[in-house]
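Worksheet for the structure shown next.
Just so it is clear, none of the values below were taken in a lab; they were calculated from the coordinates. This one's a predicted model, so the numbers in the text were calculated from it and none came from an experiment. We place every Cβ from the backbone using ideal geometry, glycine too, and count neighbours over all the protein chains shown.
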Amino acid sequence: MRWYRINALMLKYYYITINRLDRIFDMLYWPLIGLLIWGFTSYFIMDLTKESQVLNIFLGGAILWTFYQRASQDMGNYILEDFWSRNLYNLLSTPVEPQEIILSAVLFGLIRSVITFGLLALLGAVLYSFNIFGAGIFVVLLFSLALLLLGWVFGIFVTGLIFRYGVKIQVFAWSFAFLIQPFSAVFYPLSSTPLWLQKISLVFPTTHAFEGMRYAFATGKIAWNSLFFAFFLDAILLIVMYYFFLHCFKQARKVGIIAKME
Amino acid sequence: MDAITISNLSKTYQSRSKVNYALKNVSFSVREGEMFGLLGPNGAGKTTIINILSGLLTKDKGIITILSKDPEIEKEAVKNQMNVGAAYSFLTGILTVEQNLRVYGKLYGVKDLDQRISHLLKIFEIEDLRHKKVFILSTGQIIRVILCKGLINNPKVLLLDECTVGLDPDIAQKTRKILKDYQKEQGTTIVFTSHNMTEVEQLCDRIAFLHKGEILMIGTPKELRKRIKTQSVKIDIIGEKRKSLRSIVERFKVKVTESKLNMVIFEIRGEVELPKIINAIIKEGLEIIDINVRKPSLEDVFLKIARGEQL
Ligand SMILES: Nc1ncnc2c1ncn2[C@@H]1O[C@H](COP(=O)(O)OP(=O)(O)OP(=O)(O)O)[C@@H](O)[C@H]1O
Ligand SMILES: [Mg+2]
């Protein structure tokens, strides 16, 4: 692994971002739309229920969900740019290693996420007097990181699938990241869902992250067990998906899909 | 010194029911500073060889050394001194020519990158494309950008797979000259595949003929042409036939490939027959106005191999 190659790839992602309007859009515009919709919805429900936690639950949930979702798509989007361009042939003839591709996408994604997060936090405060750090800066950052990690895990998974089965699989692949939303207790506490669903939900790190966030908002305390499970599950998935990706990459070199990539 | 040695290289592709051999025990070596051509009909295995050398594809069996190193073990060292160019590949379309070259230069760890980029754009005469996005370029323009990318790290070994397909004759000629000059100056080892015989003949020091995953012949263009024993002869006569020209020629048991009333084309294997045939025609009272003996071209060799005919 060499830093200068990781830098080179990040430079490419930077060029893609400034040259391609949609990459700026999904960093700024879509998260903003989400914030507006959930902000007004929260205010409306708050009026109806006089329940002050509504804003925290919905807006906090929406911001963090956006965070996770962007992380999962960013990674694929940047790596996919090479598939779309049939550039993989040239890219993989360089000394670049698959680990460097992943790491550069993760680092660049982190920068993007921080920008998006900053924007949402700021606008949330200005528009709805919502303080995302109301649950404590430390807690918010940790749970955000847990969500980011899962986003990257999905990104790695999808990228692996695409290496192995080609670009055709991408439509199917992207929906994975969304599929887990109903099981993640994003906008409602886990205890409000049926028992069978709770059992499934506990498998996903997202559930623990959102539960932990709500707990922190409500009590101002850190739910250590949520934090532990979120990171523990993330770590397991990360390791599994990383090896899955390396396997796909190896397989792709064997069957020649990279060279034939259209 | 050999820049590349390949021995007993085999590669199969698994399809649902059976195993397809793309390469069968291929062995050859490329000398340092040589322009080496891989020739063969579609599906012969040329691209497979290039892709295995560049690390895009894994081999099943065989030993490869590039610049005296095993590319699987000293991957980084080998790849840093190597580069590829293929007409069917592409660069990141949304990036400009310069941005693409910059990213590739950095991936190869090139020093003085600005200078290098300017120099390459200049020798390929595409300085005006510098700030254009790659996806709007024409095929011919992209190929030249890809060649710039191929030379960005001043590689010791350059693998070119059909890199001049899609260039108009004038630009193709120019591009060949640029490559040849560059190679002479820098001593670059180049492996080159192409279907264009004139190109290969002009450029390559040696050629390997591949067919169905096996190497049939290796040699200089001249040596390969000599392998064809037959020559083609065309004889024209004046006026109306009094006796069939074709039937006279056929008495000598040669293979007639084409004939008209006043013209015949046939193949001979030695030089002894020709004077006899000419004598016979004159004896029959026919008046010869032109005799044309055509030496085999590389294309003839290629076509014969591709059709599975004897040389
Ligand atoms: N990814 C692949 N999967 C399965 N078979 C493949 C694959 N790539 C190549 N082949 C097969 O391997 C053989 C050699 O193909 P290759 O592309 O090396 O030929 P080539 O000499 O480059 O041909 P062309 O002149 O058409 O470019 C062919 O029979 C081809 O069908
Ligand atoms: Mg080919």
At 10 °C and 1.306 mPa s, what whole-number value in µm²/s does Stokes-Einstein give for the translational diffusion of the protein assembly as shown, with Rh from the Kirkwood sum over Cα pairs? 57 µm²/s
Among A:H247, A:A146, A:F133, the residue whose Cα sits farthest towards the positive end of the charge dipole of chain A, when +1 is placed on the Cβ of each Lys and Arg and -1 on the Cβ of each Asp and Glu, is A:H247
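What's the FRET efficiency of B:K229 with B:F252 using the Cβ-Cβ distance as r and R₀ = 22 Å, to the nearest 0.05?
Approximately 0.85, to the nearest 0.05.
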Rh_Kirkwood(the stretch B:175-311) over Cα pairs, Å, one decimal, evaluates to 17.5 Å
Any lysines with Cα under 28 Å of the A:K199 Cα? List them, leaving off those in the same chain fewer than 8 positions away. A:K221
If I histogram all Cα-Cα distances within chain B using bins 10 Å wide from 0, what percent of pairs lands in each bin? 5, 23, 25, 19, 13, 9, 4, 1
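Between the DSSP loop rule and a limit of at most 15 other Cβ atoms within 10 Å, which trypsin sites (Lys or Arg not before Pro) in the stretch B:18-68 are left? Please report the intermediate quantities before stating the final value.
Working: sites: B:K18, B:K24, B:R31, B:K46, B:K59, B:K61; in loops: B:K18, B:K59.
Counting only loop positions with at most 15 other Cβ atoms within 10 Å, the trypsin sites (Lys or Arg not before Pro) in the stretch B:18-68 are B:K18.
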Say we join alpha carbon atoms closer than 10 Å with springs in a Gaussian network model of chain B; which of B:R294, B:R206, B:R16 then has the biggest fluctuation? B:R16
Which of B:K59/B:K133; B:K177/B:K222; B:K180/B:K222; A:K254/B:K24 have a Cα-Cα distance over 24 Å? B:K59/B:K133
To the nearest 10 degrees, how steeply does helix B:113-123 sit against the main Cα axis of chain B, on a 0 to 90 scale? 20 degrees
Diffusion constant of the stretch B:36-82 at 37 °C, which comes from Stokes-Einstein with the Kirkwood Cα-pair radius and 0.692 mPa s, µm²/s: 282 µm²/s
Go through B:G239, B:N80, B:N154 and say which Cα lies farthest out towards the positive end of the charge dipole of chain B; charges sit on Cβ, +1 for Lys and Arg, -1 for Asp and Glu. B:G239
Have a look at the stretch B:142-254 and give its Rg and Dmax from the Cα atoms, expressed in angstrom. 21.1, 70
Mind giving me the nanometre distance, one decimal, between the label points for A:F138 and B:S68, set 7 Å out from Cα along Cα→Cβ? 5.9 nm
For the stretch B:99-208, shape from the Cα gyration tensor axes a ≥ b ≥ c, cut at a/c of 1.5 then a/b versus b/c, turns out oblate
Where a Cα-Cα gap under 13 Å defines reach, which aspartates and glutamates qualify for B:K79, not counting those fewer than 8 residues away within the same chain? A:E97, B:D70
May I have the pair-distance distribution P(r) for the stretch A:3-260, computed from all Cα-Cα distances with 10 Å bins from 0 and rounded to whole percent? 7, 30, 34, 20, 8, 1, 0
Sorted largest first, extent of the stretch B:134-193 alpha carbons per principal axis (Å): 32, 22, 18
Using only Cα atoms, find the angle between the long axis of helix B:139-151 and the longest principal axis of chain B, and express it within 0 to 90 degrees, rounded to the nearest 10. 60 degrees
Counting pairs of alpha carbon atoms under 8 Å apart in space and at least six apart in sequence, what relative contact order in percent does the stretch A:168-252 give? 22 percent
So, with points 7 Å from each Cα along the Cβ direction, the A:F44-B:D2 label distance in nm works out to 7.5 nm
If every alpha-carbon in the stretch A:1-120 counts as one equal scatterer, what log10 I(q)/I(0) does Debye give at q = 0.19, 0.20, 0.21, 0.23 1/Å? -0.97, -1.04, -1.11, -1.25
Sort largest first and round to whole Å: the equivalent ellipsoid semi-axes of the stretch B:5-95, each the square root of five times a Cα gyration tensor eigenvalue. 21, 19, 15
Taking only the alpha carbons of the stretch A:141-262, what extent do you get along each of the three principal axes, in Å, biggest first? 56, 24, 21
If you rank B:I265, A:I33, A:I63 by fewest surrounding Cβ atoms within 10 Å, what's the result? A:I33, B:I265, A:I63
If you take the alpha carbon radius of gyration of the stretch A:59-138 and divide it by 2.2 N^0.38 Å, what ratio comes out, to two decimals? 1.44
Could you work out the relative contact order of chain B? I mean the mean sequence separation of Cα pairs under 8 Å and 6+ apart, divided by the number of residues, in percent. 20 percent
Where does the stretch A:207-254 land on Rg(C-alpha)/(2.2 N^0.38 Å)? 1.72
For chain A, take the longest principal axis of its alpha carbons; what is the angle in degrees between that and the long axis of helix A:205-219, to the nearest 10 within 0 to 90? 30 degrees
Give me P(r) over the stretch A:130-201, computed from all C-alpha to C-alpha distances, binned every 5 Å, as integer percentages. 3, 13, 16, 17, 17, 16, 10, 6, 2
Step through the table entries A:K168/B:K18; B:K156/B:K304; B:K11/B:K75; B:K255/B:K283; B:K18/B:K46, compare each Cα-Cα distance with 30 Å, and write down the pairs that go over it. B:K156/B:K304
Among B:C163, B:S138, B:S17, whose Cα sits farthest toward the positive end of the charge dipole of chain B (+1 at Cβ of Lys/Arg, -1 at Cβ of Asp/Glu, about the Cα centre)? B:S17
So if I place +1 on the C-beta of Lys and Arg and -1 on the C-beta of Asp and Glu, and nothing else carries charge, what would the dipole magnitude of chain A be about its Cα centre? I want it in debye, nearest 20. 620 debye
Cβ-placed point charges (K, R +1; D, E -1), dipole of the protein assembly as shown about Cα centre in debye, nearest 20: 1540 debye
Antiparallel versus total DSSP beta bridges in chain B: what percent is that, nearest 5? 70 percent
Anything over 32 Å Cα to Cα? Flag those among B:K69/B:K132; B:K106/B:K212; B:K69/B:K111, in the order listed. B:K69/B:K132; B:K106/B:K212
Helix-derived [θ] at 222 nm for chain A: sum -39500 (n - 2.57) over DSSP H runs of at least 4, divide by residue count, nearest 500? -27500 deg cm²/dmol
Once the Cα gyration tensor of the stretch B:230-295 is found, what semi-axes does its equivalent ellipsoid get, as square roots of 5 times the eigenvalues, in whole Å, sorted largest first? 17, 12, 11
Cα-Cα pairs above 19 Å in the stretch B:72-164: how many percent? 36 percent
With a cut-off of at most 15 other beta carbons within 10 Å, and DSSP calling the residue loop, which GluC sites (Glu not before Pro) in the stretch B:191-299 qualify? Please list them. B:E240, B:E271, B:E284, B:E287
For B:T198 paired with A:W3, estimate the spin-label separation in nm (one decimal), with each label point 7 Å from Cα along the Cα-to-Cβ line. 5.4 nm
At a Förster distance of 25 Å, what's the computed FRET efficiency of B:A306 paired with B:N262, Cβ-Cβ distance as r, to 0.05? 0.20
